[in-house]
Each structure stands twice: as structure tokens, then as C-alpha cells.
Amino acid sequence: MTEDNERNGTAPDRATPDGGARDDGGRPGEGTGAYDAAAEREGDAGTGDRGVKAEAPAAGPVGARQAGRGDAALPALGFKGTVRWVWTQLTSMRTALFLLMLLAVAAVPGSLFPQRDSNPEAVATYIENDPAAGEWLDRFQLFDVYSSVWFSAIYLLLFISLIGCILPRTKKHWQAMRTPPPRTPARLSRLPEHGTLELDAVDVADDGGRSDAVMRDAAALLRKRGYRVQERPAGEHDGVASVGAERGYVREVGNLVFHISLVGILASVAIGGAYGYSGQRILVEGESFVNTLVSYDSFSPGTAFDETDLEPFSVTLDDFDVTYDRETTSSFGQQIGFDASVTTQQPSGEREQQELRVNHPLRIGGASVYLVGNGYAPEVTVRDGQGNIAFQGPVPSVPQDSVFTSLMVLKVPDAQPDQLGFVGLFLPTAGEVNGVGVSLDPSPALPQLQLNSYYGDLGLDEGTPQNVYVLDTDTLTELNSRTLDAGGLVINPGETVQLPEGKGSISFTGLKRYVGLDVHHDPGKTPVLIFSVLALTGLAVSLFTPRRRVWVKVREDAETGAASPLTMEYGLLARGEDPRLEHEATELRALFQQQWSTPHESGSSRADD
Amino acid sequence: MLPVINEQLGAYSDLFMLLAAFAYAAALVVFAWDLAKSNATIRTIEQEVLREEAEQLATVGGPAPSRPAGRPVLVDESMAYTAASGQRNLARIAVVLTWLAAVIHTVAVVTRAIAAARVPWGNMYEFLSTGALLVALVYLIALLRKDLRFMGVFVTLLVTVMLCAATMGFPTPVGHLVPALQSPWIIIHVSIAVLASSLFTISFVASVVQLLQHRRQARLAAGGEDRLPFLRLVPSAGALENFAYRINAVSFVLWTFTVMAGAIWAEAAWGRYWGWDPKEVWSFVIWVVYAGYLHARATRGWTGVRSAWLSIVGYACIIFNFTVVNIHFSGLHSYAGV
Ligand code: HEM
């Protein structure tokens, strides 16, 4: 991988900056790799910044930097050479680190400025309040950070770098898993953990030498402990039988699974964004919602969305219950429980009674339906100047505070001879503070409407879409308001009040609740979950699996004959940070002693003693 | 359906919380005293150890200790307790005080949970007080196996500050959870988040001490005088770096889990698993910074001091996420704030 490129380019030796953690350059079988690493480990102790001494020139494909220090001009590489150079740079660990840091910084503005994606109204307000700054912020896509060109560029580069990192590492690890553990070092006593045992009670079948037999037993023992083992009989290795063993190959596997899963997550997110959709709908008690485009109040499709993706399920709100906190003084009256009873109908026609609550979405027709808000919808009847019913039904009002003082807007385009408009408040528990009507509690104990009324042209006929929650009064004439002689309209349930000038009347006939529903369909969801679990597993495996090498040598003193004791020597080397190496050495020693029942406490030690 | 709130018990819990804060403050004072007296302590311990060794030599006649004379080991590289470390009496008192504080603190947190009849992780007061308890407990449990008393000042300081912030900055009477928090995920998501943050706190302290120790070592190596002699009670910068790395590795995995669990919960509560809500943004930033930290450890020229700085920056992001984002940024997580 890239580390190697950096190293092979110009570094004079394979010394690693991190105590042998990444001594992958030490090819198996080369033997000396172990020494380098061991020496490094010793050298490391005590210094804070171990990287410094191993600082090597940055990777130039042809070692260009060595030729001219401070000379920034690139050597003539040709097109292919340049591409390779760029690729090497991009996939280097340093670039990955830089891009990661850049990604962290680039994500921050999205929390400082309102984002169109999640809060378009806040963005509009921001730009309205500060048009000059707003325009510039918008130009740099600071209201769309996570879909901006610069943010995308960073994470795409990072993922290209990531893929460029994964591929060679996968290949390399594939080979590493097929190569035997490295050659047995000449002097095990140079390893950070090592020891010797005298085996005098060895009683083994004499096939091919006692030392080989002991070596095979040691190999079996290590194999059982999870090491990959290579037996090296005395005959083939200058008369010294030895075992080379290594464990922790899954560390790199975990690391690769982790990084690959990150790519998987990104791909799944992209798929979900393209093929998914989401929509909002306000549903009053008694109403039904069918999953078609026209039933949504607002709808945002993915780029590859097709209308036929909408499965025609339906949801009817039968009843909506709210629980209030009546116990504590600090949050008295707060809503602490919502419960919507709904009847659902599957695309297949199957009907079912279900409960919809916060944290308990409906899963239906491949989509999920969420309860995201609620409010009151006073039922009113409006008669026009000619005495005909021009409007009848519930009017969803928008809660403004925690006691559900709610803003209500009603447009009656069908009224004759003049169109009528109403705007004002719905108060669930009406009260008065300083002569101003306020709500005292969010529960509907004393509901009341306090409205202004208007007549004139509502401007709905031109066909330009309007916000149903905003009444544009510019073209209207005021009929009722606090500032007029006629005063504002104050209507209690069951009451009807006449509008001035014979323009009609309005009755407050009943009260319903409504719920705000979000409908989401995201086909990327499940793959994201699967890749996330894989990533987490891979991460844990790669961070907590120690990589260790063990060598065991068995020596036989040829002169003293068959009854003489055998000497067993072993050494351990950690690849990477491994606080448990010492423990492993103790365990192995105990196992050896048990195997050959040697009570002797002969030399076990750490290299740095 | 909803549990019953016990406001009386809640008031007792508040009282215990205050008591715990005082006890931590007392421990803090004694820890600081221990370090301030470290010159004298070091001298006494050295003399003691040298005398013992001399006696041993006289009686056993064994080989001389390989250590250079006059420099007995005060701190082990693996941060194990040494024979000499038992003699820091003030530090021992401070540890006992910290245990006492942690017991009172546990009572406070548990009574709070009983009073509210739910897990005590519903608002800033509760996050802070539970988080502080976890920091203290993680530290105390680590102390059982490793001699981390050199961190005592920093840890008790942080815990005291957290408790003061909770009781003074965000006093919140016991109450019900808002509907969005009424989910089993609160137990999984928040507990792991608080645990991860507590571990990050410990490694943050280790990284800060590592930087101090690094500067001191550099100064000594350059022949300068020892301006921070109490750091002789502290392991080497390299040992501290490895210690911080190990803890950061564990807490990074926990944080990854926290973010994932949060995403699963967000999917159930809000209809999308990820929406770049300010809280989500900062959780992501934290995750990326610590991922950077782990990469830095594998990148030439970035180990040691630089990676320690990354660990500190990561912790600063955690603090920011917990304070400024909770209080000043509006988003879906806002209810969980004050
Ligand atoms: C999406 C961006 C990336 C993220 C979030 C990320 C995250 C991580 C994390 C958390 C680790 C530590 C856990 C482990 O050892 O498995 C890690 C390790 C590693 N990453 Fe990445 N990574 C990213 C991109 C890259 C890239 C582009 C490269 C190659 C240049 C890379 C190379 C490595 C290597 C070599 C390790 C092992 C380091 C060690 O042994 O300590 N990563 N990465």
C-alpha cells in the first residue's frame, strides 16, 4: 500500500515510525524485519514523538526530491508518470489524514447556518433579514452545505483515496495470508519477550530426532492458541528445529472490512437518495390519506423517483389522544404522550386497526409513516352575504407555543358577493392577561376563536400557489379587528357571529385535532444498516486483535546423547501496540511448562530488563 | 401509563449531588497538595528506597540494582504501582476522598432515577451529573489496576466542574421525558454516548499530561532545568501516548456505536436516519476527528505531539457539542437540552 510506496521510494531503511506497527515492508521470510521492529520498539520508549527520527522524504515516484532540495519544479514525468504521481499522492496516508480533517472542518458550517434541506423557512428568513450576507452565503452554498460542490468534492476525493487504499491492501493481505510466518531470527533473546526452558523429562518417540518431536508439539500447542504455524525441522535448518508462528491476520481483515463498509454506506446513501421519496401531510381526525402525489401537502422525490413507486396504501385517523403532565410543577401541562388510532389499508386491500405514536412509525407499503406534530382544527361554518354556506369543515391551526396558542387562517373564495378571509388565534383554554387573549393551558378546556375578518379579492383565482397559513391582506378590506369599531371576532363553541355590513356570518361548531404525518421511503436504509454493522464489527476486530509473532527453537546437545536435556528457546514480537504481549509470554511459558512438566524457573525475561 | 414522579426524593437527590461536588472538590485540593509537595515527597521516597536497597545489599549481598543510583523508579512505564508509590500518603487520602464522593454521587444519581421512575438521562442536568459519575467511576476503576494518581487533579477538577455546571447552570427538577425520548433507545444510545465521552475525558487528560511531559523531557534533554518537577510522578510521554491511544481506541468504537444507535433511533423517531441536524453534524465531526487521530498514529510524522493535539481537538469538539450545540443551536435534539 501507500506506506510502502513512501518507504520504497527513498527511505534508506525500513525503519517504521511506530514501533513496528506497520513493518509490513519486512517481507515474510526475510527475517530481519523482526529485528528492525524490535529495535525500534526499544528505541521508542521514552520519546513522545516517535515519528520524527524516521521522517523520510515524501514519496516522489522517481525520488525526485532527493535530487533538488527546495526545488519545487516537478521532474518531467510525462502524462502517465504524472497520473501515477497524482494517484500516489491521493492515496497516501497523509492525504487521507488531510482530507479527513478537511471533511471535519467542512461539515461545521452546516450547523452554523440554517440548511435548506432540513429547514427551508429558516433559510428564507435568514436571507430576508440580511440580504447582503445571505446572497454571499448562498453563492458559496452555505445553506446547502451537504450537497455543495466543495463538500462533495472533499468526500469524493476521500473515497477515491480510500478505494485506492483498499485495493492494493486487499491484494497484499491476500498474499500475506498465504505466506508462511517469517524466518526464525538467529537470536531470540533480542525480542521484547523471550525465555528459555530446560526440558529434561522429554519422552518422545524417536522419529527424526527428539528436537523435531518437541518442536512439533510446540507447533501444535501454538496452533491451538490461534497461531498460524510453520514447522521447521532440524534437518532442513542447520540443525536447529524451530517453529515460526503468527496470529492476528484478522486484524487487517477487520480493517479492510471496515473501510470497504464505509464505501458501502456511501453507495447505499446515494441509492436511497435517488430512489426514495418523502412527503408531509396534515390529517384531521376522521380524514383519510391515500399515498398518491395529490394527497401530499408537500413532497420531495429523489432524483430517480418515479410516480409508480408510490404504493397506494391509505391511512385514516380515527382518533388522536394527548396525555398532559399534571404531576410536576416545572413542566405542568406539557404534552407527554401522543396516541393516534389509525385504520390502515394495505395496497392489497387488507385493513387493520393500528396505533401510531412517536417512536412507533407505521411500516406500510414499503414506506414508513411518522407522527411528527399535532394541533387543533376548529370546525367552522361560514355563510356568505347571500346566506349560503360558503365553507364548512375543520381548519388546521398552527401552534405557536407550548400552551398551543394557535394561528388560524381561513380563506373563503366561494363567498358571494365578496370573498372572505379570516386570520387570528385559536385558544384551547382561553384567558386574558393585560386585556389580551392568551391560552392558559394546551388542553381544550375553554376553547375560543379570536379572529379578524376581511373581504375582497383573495387573489386565489390567478392560479399562483399560496401558502394556506398566510393571508395576504394587502388587497383586502378589514371588517373586524381590535382597532375597528366593530371589534375583533370572539367566538365560543356553538356560537355564531354576524360579520359587519351584512357580509355573512361565522359559526364555531366543533373542535377536532389533527396530526402532522411524514411519509418516508428510503430503499438505502437496510443496506446502510448492514454496512454499518459490518463497519462496526470490522473496526472492533481491527482495533482489538493483537498481531503477534512467536518463534520457538529446540536445541539438542549432540555430544551428551539421548538422555541429555533439551533446550527450548522462545521469543515473542508484537506487531503494533500490544500491552498484553507480556501476558501472552507468561501464558505461553506456563503452557510449555505444563506440556513438558518442567518446574524449572529458568530465564524468562523482557528484552528491556 | 406514565410513571409517578416523586418530587420529594428528587429534592434529596439534588442535595446529595451538591454534597458529592463538595467531596470531589476536597479530593481535588488534596490531589493538588500531593503534587505541590511532590518535591519533598520525591526526596523522602528516594531516600527511603535507597536505604532499603542498601540494607538489602548488605544482608543478601546480591548483585547491585541495574538502575542508576539515586534515581529510583517512582512511576512505572506500564503505570503499575511500585514499592515506592505506596508512600504518597496525601495521594492515598485523595483517592479515598474521591471514592467517598463517588459513593455519594452514585446515591444522588440513583435516587434521581427512582424519583423520575426512568433512566436519568433526559436533560442537561442529568447528562452532566451521570456523565461526571461515569468519569469518576472509570477513573477509580482504572486506579485499581494502574497508578494513575498523577491524573487525579485533572480528573477531580473536571468532575467538580461538571457537577457545578449541572447544579448551578442547569438545575432541572425531576420530570417526565418528552415523547420523542420515550424509547428503549435512550438507554442504549445515551448510556454508550455518556460512557464514550467519559473515556474520551480520561484520554484527553492523558494527552494533556503527555504534552506537558513531552515539553519537560525536551527541556531536560536540551540540558534545561526541570520547571515541572512534579511530572517526575508522571510516566514518560511515550507511555502516556500509548495509554491515551488504548482508551481512545475503545471510546472510538463506543462513539461509532453511539452514532449508529442514534441513527437507528432517529429513523424511528423522526423518519430519517441522518439529517445533518446540528447535533448530528457535531457527532460526525467528533467521529471524523478521532478517525483522524487513529490515522495520525499510523502516519509518519504525525505520531506523538501532533496526534495528542488531535485527541485534544476531538475532546474540545465533544465539549462544544455538549454545551454550545445543546444550548444555542436549534434542531431536533433541542428538547434534550436545557
Ligand atoms: C472515509 C474515510 C476514512 C475513514 C472514516 C477511516 C477511518 C479509519 C479508522 C477509524 C481507522 C482505525 C481503525 C482500524 O485500524 O481499522 C482506520 C485505520 C486505517 N486507515 Fe482509514 N479511514 C478512512 C480512509 C482511509 C484512507 C483513504 C486510507 C488510505 C490512504 C486509510 C488507511 C488506513 C490504514 C492503513 C489504517 C490502519 C492504521 C493502523 O493500523 O492503525 N483510511 N481508518
For residues that are in contact with an Asp or Glu (Cβ under 8 Å, 6 or more places away or on another chain) and more than 10 Å from chain B (Cβ to nearest Cβ), scanning just the stretch A:99-146, find the one that is nearest to A:Leu162 (Cα to Cα). A:Asp144
Selection from the stretch A:143-195 of residues that are hydroxyl-bearing (Ser, Thr, Tyr) and loosely packed, with under 15 Cβ neighbours inside 10 Å: A:Ser147, A:Ser152, A:Thr179, A:Ser189
What is the one condition in (1) surrounded by 12 or more Cβ atoms within 10 Å (Cβ to Cβ); (2) away from chain B (no Cβ under 14 Å); (3) out of contact with any Pro (no Cβ under 8 Å at 6 or more places or on another chain) that A:Thr303 does not satisfy? (1)
Let me spell it out: the conditions are (1) assigned to a loop (DSSP other than H, G, I, E, B); (2) within 16 Å of the ligand (Cβ to nearest atom); (3) among the aromatic types (Phe, Trp, Tyr), and A:Phe332 meets all of them except one. Which number is the exception? (2)
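Run down B:Val259, B:Val253 and say which single residue is at the interface with another protein chain (Cβ under 7 Å from one of its Cβ atoms), modelled with pLDDT of 90 or more and over 29 Å from B:Ala36 (Cα atoms). Quick ask: steps written out before the conclusion?
Values: B:Val259 fails: at the interface with another protein chain (Cβ under 7 Å from one of its Cβ atoms).
Among B:Val259, B:Val253, only B:Val253 is at the interface with another protein chain (Cβ under 7 Å from one of its Cβ atoms), modelled with pLDDT of 90 or more and over 29 Å from B:Ala36 (Cα atoms).
Within the stretch B:249-268, does at least one residue satisfy the condition of being in contact with a His (Cβ under 6 Å, 6 or more places away or on another chain), hydrophobic (A, V, I, L, M, F, W, C) and in contact (Cβ under 8 Å) with a residue 40 or more places away in the chain? Before you say what the answer is, go through the steps one by one.
So in the stretch B:249-268, the residues in contact with a His (Cβ under 6 Å, 6 or more places away or on another chain) come out as B:261-262, B:265.
Still in the list and also hydrophobic (A, V, I, L, M, F, W, C): B:261, B:265.
Narrowing the set further to residues that are in contact (Cβ under 8 Å) with a residue 40 or more places away in the chain leaves B:261, B:265.
Yes, some residue in the stretch B:249-268 is in contact with a His (Cβ under 6 Å, 6 or more places away or on another chain), hydrophobic (A, V, I, L, M, F, W, C) and in contact (Cβ under 8 Å) with a residue 40 or more places away in the chain.
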Could you say which residue among A:Thr329, A:Thr343, A:Thr316 is surrounded by fewer than 15 Cβ atoms within 10 Å (Cβ to Cβ) and modelled with pLDDT of 90 or more? A:Thr343
Would you call A:Ser532 within 16 Å of the ligand (Cβ to nearest atom), among the polar types (S, T, N, Q), more than 16 Å from the chain's Cα centre (by Cα) and part of a helix (DSSP H, G or I)? no
Would you tally the residues in the stretch B:223-263 being more than 27 Å from B:Phe204 (Cβ to Cβ) and either in contact with a Ser or Thr (Cβ under 9 Å, 6 or more places away or on another chain) or within 16 Å of the ligand (Cβ to nearest atom) (or both)? 0
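Taking the stretch A:90-142 as the region of interest, how many residues are away from the ligand (no atom under 16 Å from the Cβ) and either crowded, with 16+ Cβ neighbours inside 10 Å or within 22 Å of B:Trp287 (Cβ to Cβ) (or both)? Reasoning before the result, please.
Here is the first cut: in the stretch A:90-142, the residues away from the ligand (no atom under 16 Å from the Cβ) are A:108-142.
If we keep only those that are either crowded, with 16+ Cβ neighbours inside 10 Å or within 22 Å of B:Trp287 (Cβ to Cβ) (or both) too, we end up with A:108-119, A:123, A:126-127, A:134, A:137-138, A:141-142.
Residues meeting the conditions: 20.
So if I check each of B:Gly292, B:Gly275, B:Gly301, which one is closer than 29 Å to B:Val324 by Cα, within 7 Å of chain A (Cβ to nearest Cβ), surrounded by fewer than 22 Cβ atoms within 10 Å (Cβ to Cβ) and not aliphatic (A, V, I, L, M)? Can you show your working first?
Details: B:Gly292 fails: surrounded by fewer than 22 Cβ atoms within 10 Å (Cβ to Cβ); B:Gly301 fails: closer than 29 Å to B:Val324 by Cα.
Residue meeting the stated conditions: B:Gly275.
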Positions within the stretch A:541-551 being in contact (Cβ under 8 Å) with a residue 24 or more places away in the chain and more than 9 Å from the ligand (Cβ to nearest atom), in sequence order: A:Thr545, A:Pro546, A:Arg547, A:Arg548, A:Arg549, A:Val550, A:Trp551
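So that you can scan it fast, the table gives a plain yes or no per residue for (1) among the hydrophobic types (A, V, I, L, M, F, W, C); (2) on the phi > 0 side of the Ramachandran plot; (3) crowded, with 21+ Cβ neighbours inside 10 Å:
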residue	(1), (2), (3)
B:Asp226	no, no, no
B:Val234	yes, no, yes
B:Glu241	no, no, yes
B:Trp255	yes, no, yes
B:Thr258	no, no, yes
B:Ala266	yes, no, yes
B:Cys317	yes, no, yes
Cβ-Cβ distance below 6 Å, separation of 6 or more or different chains: which pairs start in the stretch B:152-174 with a residue that is within 14 Å of another protein chain (Cβ to nearest Cβ) and end on one that is outside any loop (DSSP other than H, G, I, E, B)? B:Phe170/B:Met124; B:Phe170/B:Tyr125; B:Thr172/B:Tyr125; B:Val174/B:Gly10; B:Val174/B:Ala115; B:Val174/B:Ala116
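The values are calculated or read from the model by the stated rules, or taken from the named source; none is laboratory data. A quick note: this is a predicted structure, and the numbers were derived from the prediction, not measured. Reconstructed Cβ throughout: ideal geometry from the backbone, glycine too, with neighbour counts over all protein chains shown.
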